[in-house]
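Student: Handing you a structure now.
The values are calculated or read from the model by the stated rules, or taken from the named source; none is laboratory data. Remember, predicted model here, so these are calculated numbers, not experimental data. Virtual Cβ from ideal backbone geometry, glycine too; neighbours counted across all protein chains shown.
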Amino acid sequence: MKHLILLLLLFIQSNQVYGSLDSSIVKAVENQNRNEDNRKRDKYRNPTETLNFFGIHKEMKVLEIVPGRGWYTEIISSLMKGSNNFYVATYEKPSYATEIISKIQKNFFIYFKKNEKKFGEIQSVLINEDFKIMSEENYFDMVLTFRNTHNFLDQNKAKEIFNSINRSLKKGGILGVVQHRANESSQFDYKKGYVKESFLINYIEKLGFQFMEKSEINANPKDLKNYAKGVWALPPRLSDGENNIDYYKSIGESDRMTLKFKKK
């Protein structure tokens, strides 16, 4: 019964959000130039509703933290096209998985340079070895980080990166966070890719941010969060190979918190 009630609440919230969606965000998500495999994951990542919740618009100076292969970058760059206001922050020298991350970052810039006419120009700043963002102070109106926080915590660099984000944001600027969510009953604040929501809100607030609101846009009650290989057992990674692959696919991507803060 609790499961059915949660699904009903999520359905109601989704429809309430949909009625007030920014048409420019809708258009960016519907951009036919997006990678087809990326588009198939919209049902799990809810980019239209997520970006609408954060309140992004073209006049803002926006920074995406560690964009990976650019799943969200395709959308945000389309939205910001022609504004010269969109930046990504990548590692100057990765502190872990150096070879893999360096390759991902190199391919990222090759892809978006090659497809600049389709997605628009992207400016970049570096994150140095101390996890400091090499940008001007009080410069950005919005900073977004998608599914990165567990890595920052695992590297014992979360304090450094969130302090640097605070420094880079204008007063009152928005920080949007999407992160794999652990159960509140877990004995760990973070483990195997999952992070407790209450822990993360408290952690970020202590670093100069005010928590504004959260959304259940990216909730997934089917995610049991008890997999030997952690969140990576689920799509898209499917790190357990062919073992229980149909089961993991039936769950879909992880249960995620969607949090909105502002710089004090």
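Yes/no matrix, rows are residues, columns are (1) over 18 Å from Ile174 (Cβ atoms); (2) out of contact with any His (no Cβ under 8 Å at 6 or more places or on another chain); (3) surrounded by 15 or more Cβ atoms within 10 Å (Cβ to Cβ):
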residue: Val62; (1), (2), (3): no, yes, yes
residue: Trp71; (1), (2), (3): yes, yes, yes
residue: Ile75; (1), (2), (3): no, yes, yes
residue: Ile101; (1), (2), (3): yes, yes, yes
residue: Ile110; (1), (2), (3): yes, yes, no
residue: Lys118; (1), (2), (3): yes, yes, yes
residue: Asp130; (1), (2), (3): yes, yes, no
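Student: Another question, then. Please list, ordered by residue number, the strands (runs of 3 or more DSSP E) wholly in region 169-230 having 3 or more residues that are polar (S, T, N, Q), in contact with a helix residue (DSSP H, G or I) (Cβ under 9 Å, 6 or more places away or on another chain) and at pLDDT 95 or above.
Tutor: none
Student: Also, quick follow-up: Could you look through region 185-216, keep only residues that are surrounded by fewer than 17 Cβ atoms within 10 Å (Cβ to Cβ) and of a type in the set (Phe, Trp, Tyr), and pick out the one that is nearest to Phe53 (Cα to Cα)?
Tutor: If we take residues in region 185-216 being surrounded by fewer than 17 Cβ atoms within 10 Å (Cβ to Cβ) and of a type in the set (Phe, Trp, Tyr), then Phe211 is nearest to Phe53 (Cα to Cα).
Student: Output the residue which, of all residues in region 123-163 that are in contact with an Asp or Glu (Cβ under 8 Å, 6 or more places away or on another chain) and part of a loop (DSSP other than H, G, I, E, B), is nearest to Lys264 (Cα to Cα).
Tutor: Lys132
Student: Here's something else I'd like to know. Taking Gln179, is it in contact (Cβ under 8 Å) with a residue 24 or more places away in the chain and loosely packed, with under 15 Cβ neighbours inside 10 Å?
Tutor: Taking the combined requirement at face value, the residue does not satisfy it.
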